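Report on the following structure.
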Amino acid sequence: MIPSAVALPMAELTFLKGVFGRQAKLAELFSTSTASVSRWFKKEDAPDPENAERIMGVAYIVYRLSNLVEPEVVSAWLHGVNDHLGHQKPIDLIRQGRLTDVINALDEFEAGGFA
């Protein structure tokens, strides 16, 4: 069992699992094993601080996107090449921990940029 002082972002994990569908997709997104993600959901372990921050950031990004576009467009935006990111994919930058860059691109998209 994880210590009670550890903040486990369960609501965000559950939200992301609903969006991405499988724990394996979350494991890939957060560069960890499916077994680790499974332990997070069972509350047997907690993500390291870097992944906990990434979980919160990705949930924020996906939530904002979900309020702008249809669900299938969320995935397309995350996996598509983005002009605001120097022709990189938001999902790749998320995996690298570059959430601020992705949030900035999302700000541009929301403001009317279509990259």
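The values are calculated or read from the model by the stated rules, or taken from the named source; none is laboratory data. Just so we're clear, the structure is a prediction, and the values are computed from it rather than from any experiment. Ideal geometry is used to build each Cβ from the backbone, glycine not excepted, and the neighbour counts take in all protein chains shown. What goes into the accessible areas is simple: the full protein's heavy atoms, side chains included, and nothing from ligands, DNA or RNA. Shrake-Rupley method; radii C 1.70, N 1.55, O 1.52, S 1.80 Å.
Let me check I've understood the local charge: for Phe41, count other residues with C-beta under 15 angstrom from its C-beta, Lys and Arg +1, Asp and Glu -1. What total comes out?
Values: positive: Lys17, Arg22, Lys25, Arg39, Lys42, Lys43; negative: Glu12, Glu44, Asp45.
Its environment carries a net charge of +3.
So how strong a dipole does the chain carry about its Cα centre when Lys and Arg Cβ are +1 and Asp and Glu Cβ are -1, to the nearest 20 debye?
Approximately 460 debye in magnitude.
Compute the longest continuous run of the chain that contains no exposed trypsin sites (Lys or Arg not before Pro); treat a site as exposed when its DSSP state is not H, G, I, E or B and it has at most 14 other Cβ atoms within 10 Å. Mind dumping the intermediate values first?
Details: sites that count: Arg22, Lys42, Lys43.
Result, exposed sites excluded: 44-115.
Cα to Cα, under 28 Å, and not fewer than 8 places away if on the same chain: which lysines meet these conditions relative to Lys42?
Lys17, Lys25
Where Rh denotes the Kirkwood radius from the mean inverse Cα pair distance, what is Rg over Rh for the chain?
In the chain, Rg relative to Rh is 0.99.
With a 1.4 Å probe and every protein chain left in place, work out the accessible area per residue of the stretch 30-115 in Å², rounded to a whole number.
Dividing the accessible area of the stretch 30-115 by its residue count gives 54 Å².
Just the number, please: carbon plus sulfur as a percent of the accessible area of the chain, 1.4 Å probe, no ligands or DNA/RNA counted. Working shown, then result.
Details: 3320 of 6360 Å².
The C+S portion of the solvent-accessible surface of the chain is 52 percent.
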